[in-house]
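No value in this document is a laboratory result; all are computed from the given coordinates. Since we're looking at a predicted model, the values are computed, not measured. Cβ placement follows ideal geometry from the backbone for every residue including glycine, while neighbour counts extend to all protein chains displayed.
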Amino acid sequence: MSEIRLKNADKDVFCRLSSTGRISNALRQAMTQQYNRCNSCGEVAEAGRPMFAGYENANEPLVVCAKCSVRLKELATPVYWTDTYDLSVDENQRLWRYMDFSKFAAMMQQGGLHFTRASDFDDRFEAAARMASKEASWDNHYLEFFKEVVKTTPPGYPSANKTENEVVEEAERLLGDIKSAYARARDLLVSCWHMNHVESEALWRIYCTPGAPGVAIQTDVAKLWSALENEVGANVGRVQYIDFKKGFASGDQRIYCKRSSLAHECEVRAVLPNDREGPLGYRLVHSDLNELVESVVVSPFAPPWFLQVVKETVSRFGYEFHVKESEIAEVPFY
């Protein structure tokens, strides 16, 4: 946890504007896509200093540094990027979703995207901090941090004069609270996409094995954001691949952290909040698939007749997707 270093210009912003906490999907998109750069002058945030996220008018999102904050009419929240991952993805970046034919047909029949609870994925390390053998090290680090927090009295307040046992008990309570909060990332709802400008033969073989006809749908990052514009709390971010032998995954960004052994996936995730009291195992998000899907590519391992089956099925469901053969299926010459 890094130290916050406010300068006078930052304090002036807080004196002028109170945070409303109103974060629209458009503002969340701006905060993710710009990462730590001022929307106005392009300045990169210094370590420990905030950027200011809010609105220039009623709904126009803006993320700016202190000197450009005069443009803000409403401050939603300060944002500190120190120790956070850069999840941004170019909005023109092509995305792929590989699936078997039954899932493709279900997507068209239901008219939307299927989101799965993270804990239901096959990867045991979904939203993990690190391997279990390093948990004590993680606990000790935060326990020492919380001890200092408990013992440190804010300026202007009388000293708490807590005993050592009281300090330890309070620190352990805070440790338990933060571990429980971070663990809730496993309840988040996720839709996984592959970031690549070309097809991936490896992913064809994983998700559409030879003999099991499948397709890949193509879109881009901007269209994926648009498909989720009415979903409160939705976010789209680039997965970070972590060497768990050397470090820990971020606390509140764990849903975007995976083991480095999976780096071939080049994954971008769309993430939705789940119900805290009764988390859902999955959720369908209705969207205009004609706007989202640029094209549909047929598996290179499918039989020749399958292309026409896909075209006719798309038509029967009333969609206008461009259906095409895989480039990997093209015949070489020698």
With the cut-off at 24 Å, tell me which of the pairs LYS258/LYS324; LYS67/LYS147; LYS179/LYS245; LYS147/LYS258; LYS7/LYS179 have Cα atoms farther apart than that. LYS258/LYS324; LYS67/LYS147; LYS147/LYS258; LYS7/LYS179
Spatial extent of the range 190-248: Rg and Dmax, with the Cα atoms as the point set, Å: 15.2, 41
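What does the charge count around ARG259 come to, taking other residues whose C-beta lies under 9 Å from its C-beta (Lys +1, Arg +1, Asp -1, Glu -1)?
-1
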Set Lys and Arg Cβ to +1 and Asp and Glu Cβ to -1, take the dipole of the chain about its Cα centre, and tell me which of PRO158, ALA132, LEU284 lies farthest positive. PRO158
DSSP loop (so not H, G, I, E, B), at most 15 other Cβ within 10 Å: list which trypsin sites (Lys or Arg not before Pro) in the range 148-200 pass both filters. LYS162
Throw me the Rg/Rh for the chain, computed over C-alpha atoms with Kirkwood Rh, two decimals. 1.04
Inter-part gap, Cα centre of the range 285-310 to Cα centre of the range 75-136, in whole angstrom, is 22
Relative to the first principal axis of the alpha-carbon coordinates of the chain, what is the inclination of helix 101-110, with its axis defined by its Cα atoms, in degrees from 0 to 90 and to the nearest 10? 70
With a 10 Å cut-off between alpha carbons and a GNM built on the chain, which of LEU262, LEU188, LEU289 moves the most? LEU262
Have a look at SER299, LEU6, VAL309 and report the one farthest towards the positive end of the charge dipole of the chain, computed about the Cα centre with Cβ charges (Lys/Arg +1, Asp/Glu -1). LEU6
When you take every Cα atom in the range 214-334, what is the radius of gyration, and what is Dmax, the widest Cα pair distance, in Å? 18.5, 62
Given labels modelled 7 Å from the Cα in the Cβ direction, how far is it in nm from HIS264 to TYR282? 2.6
Taking a temperature of 20 °C and a viscosity of 1.002 mPa s, what whole-number D in µm²/s does Stokes-Einstein yield for the range 100-190 with Rh from Kirkwood over alpha carbon pairs? 128
Cα→Cβ-extended label distance, 7 Å offset, between PHE14 and SER315, nm: 6.4
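Per residue of the chain, what 222 nm ellipticity follows from adding -39500 (n - 2.57) for every DSSP H run with n ≥ 4, rounded to the nearest 500?
Calculated mean residue ellipticity at 222 nm is -8500 deg cm²/dmol.
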